[in-house]
């Protein structure tokens, strides 16, 4: 029965709205990019004691991406995997904040990934992501780069990283700038920090919330998200791997859904969390009792709440 469910979910038309390009790099590709890295190195790095450990691993991966060709390669591989899962639309987070920090050529890298994505049959749009714990000036630089590409398939601006060291309230001017230049706002919030982190993002006009799972701790916030139909980009495997939830059984995806909060299932960093989009839907079925009809609704949500 479950084999039939997995095949049904693989064939189900889906959109991926929260996937980080740099977090999609499979071990074999990473070894191809950097021959000094062994599969055992990658295996060790792709295990995390906590969220900060994951951030260190993400940094380690990013340091092995140096040229537009490197980014084009990982884009091509991601497109192949999405197509195999019948993903019909994708919005991909690009860690422009990391590129800025490393003084890479953002324009050349973006041109490379955009060209590569355009070769695929899947419509792809991009979210430029800043590192919140590097501060407001850093985030504004990323927002300005996003604004320059707002008519070139860049649809949104977001902030990721350590919520506790970079609360959303600091970035009011940055969010206002991004909105004024036609960009949607898709910050991470309520992943490792509590409901107030989500409220802060909402006060700044967030259109979608990356993760947002700790919203469940505040009934008023749950009602707000439900009544205003503000979706949460839920990434089950990610939250377990980083310790954002203590265990798979404690993940609040079912409770959020039952409370009427709009939910979209996503992979976040699929290679780094050993998952696929089909795998996330399968987890929802196996572990949280989502029916085929409910999973079809979640898939419909992934198109409904897309920025294009």
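Some notes on this structure:
- Compared with the alpha-carbon gap, the fully stretched path from residue 286 to residue 66 is longer by 75.2 nm at 0.36 nm per residue.
- Reciprocal of mean inverse Cα separation for the stretch 123-265 (Kirkwood radius, Å): 15.2
- Gain on full extension, evaluated as 0.36 nm per residue between residue 226 and residue 303 minus their Cα-Cα distance, stands at 25.9 nm.
- Taking the chain as a Gaussian network of alpha-carbon nodes connected by springs under 10 Å, the highest mean-square fluctuation of the residues 139, 292, 178 belongs to 292.
- Using the alpha carbons alone, the radius of gyration of the chain stands to its Kirkwood radius in an Rg to Rh ratio of 0.93.
- Calculated FRET efficiency for the pair residue 173/residue 43, C-beta based, R₀ 45 Å, to 0.05: 0.60
- What the Cα atoms of the stretch 56-138 give is an Rg and a Dmax of 13.3, 40 Å.
- Peptides ranked, highest mean first, by Cβ atoms within 10 Å: ranges 117-124, 258-265, 271-278: 271-278, 258-265, 117-124
- The alpha carbon gyration tensor of the stretch 22-179 gives principal lengths a ≥ b ≥ c with a/c of 1.5 or higher and a/b no greater than b/c, which makes the shape oblate.
- Label-to-label distance, residue 248 versus residue 105, with points set 7 angstrom from Cα along the beta-carbon direction: 4.5 nm.
- Spacing of the two label points (7 Å from each Cα toward its C-beta) at residue 165 and residue 28, in nm: 3.6
- Whole-Å distance, taken between Cα centres, linking the stretch 97-174 and the stretch 292-308: 25
- Computed lengthening from residue 136 to residue 258, 0.36 nm per intervening residue step minus Cα-Cα distance: 40.3 nm
- For the stretch 177-241 versus the stretch 39-70, the gap between their alpha-carbon centres in whole angstrom: 26
Laboratory data are not the source of any read-out in this text; all were calculated from the coordinates shown. Because the structure is predicted, anything quoted here is derived from the model rather than measured. Here Cβ is always computed from backbone atoms with ideal geometry, including for glycine, and neighbour counts include all displayed protein chains.
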